[in-house]
Amino acid sequence: MTILPCDETSLEKAAEVLNAGGVAVIPTDTVYGLAARPDFPEAVERLFSIKGRETGKKIALLASGAGAVEAFGFPLPQRARELAAKHWPGALTMVLGGEGFRVPDHDWTRSLLARCGGVLRVTSANLSGRRPATDAPQALADVGLSADIVVDDGVSPGGVASTVVRVGADGETEILRKGAI
């Protein structure tokens, strides 16, 4: 496991690790995340194992932008486009067709997402039931020793998990979790 500062070198290294099926602790605009590519089932299984999370629970996807969500196979209904225009990048997770998507307001993380196919499965970097990590040392203590790389960008500016909203194909919205928005 490697700890690197948040810069161009760590961007290249983290992309290399994730694109090879590894797991990374990454900074976001809300809390630190534990990430894996969705097209590597073994890596996604590691997320559940490292976190101690029940395998039946979904892990959301961070996306580099709305286009990456659509390229992943989830077209945005008009209401979702409106919410994305107002809150992306930012601390809003939209559930579309059973998958949760968020575009983080963190340039380094969006660049990483773009280098990893546009989307990553990302869960908060903490053991299940504990508070989400807001800095790399806390993430490292909780889950980082089991990750392949930890990227340190200091204290997360948000510190609060995202708001989660379900958006139906008909535009109907439902708040599933109150959060930063």
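Comparing Cα centroids, the stretch 27-45 and the stretch 69-136 end up 11 angstrom apart. Solvent-free Debye calculation, one equal scatterer per alpha-carbon of the stretch 103-154: log10 I(q)/I(0) at 0.27, 0.28 Å⁻¹ equals -1.17, -1.19. Here the accessible area is traced with a 1.4 Å probe on the protein chains. For the stretch 108-155, carbon and sulfur cover 47 percent of it. How far is helix 78-87 tilted, in degrees, relative to the longest principal axis of the Cα atoms in the chain, given as a value from 0 to 90 rounded to the nearest 10? Compared with the principal axis, the helix lies near 50 degrees. Here are some pairs, 13/57; 58/178; 86/178; which of them have Cα atoms lying more than 22 Å apart in this structure? Result: 13/57 exceed 22 Å. Only helical runs count toward this figure. For the chain, summing -39,500 (n - 2.57) over DSSP H runs of n ≥ 4 and dividing by all residues gives -8500 deg cm²/dmol at 222 nm. Counting heavy atoms of the protein chains alone, residue 74 has an accessible area of about 40 Å² for a 1.4 Å probe. Expressed as a fraction of 2.2 N^0.38 Å, the C-alpha radius of gyration for the chain is 0.94.
For the stretch 93-113, backbone nitrogen atoms closer than 18 Å to the point 7 Å from residue 174 Cα along Cα-to-C-beta are found at 93-101.
Per residue, the accessible area of the chain comes to 45 Å² when a 1.4 Å probe rolls over the protein heavy atoms.
Expressed in nm to one decimal, what extension gain is obtained for the pair residue 107 and residue 58 from 0.36 nm per residue of sequence separation less their Cα-Cα distance?
15.1 nm
The accessible surface of the stretch 17-99, taken with every protein chain in place and a 1.4 Å probe, is 52 percent carbon and sulfur. Computed over the stretch 117-181, the P(r) curve from all C-alpha pair distances, binned at 5 Å from the origin, holds 4, 15, 18, 22, 17, 11, 7, 5, 1 percent per bin. Across the chain, the mean sequence separation of Cα contacts (distance under 8 Å, 6 or more residues apart), normalised by length, yields a relative contact order of 34 percent.
The values are calculated or read from the model by the stated rules, or taken from the named source; none is laboratory data. In this text the structure is predicted, and so the values were computed from the model without any measurement. Glycine also receives a Cβ, built like all others from the backbone with ideal geometry; neighbour counts cover every protein chain displayed. Just so you know, the surface numbers come from the protein's heavy atoms only, side chains and all, with ligands and any DNA or RNA stripped out. Shrake-Rupley method; radii C 1.70, N 1.55, O 1.52, S 1.80 Å.
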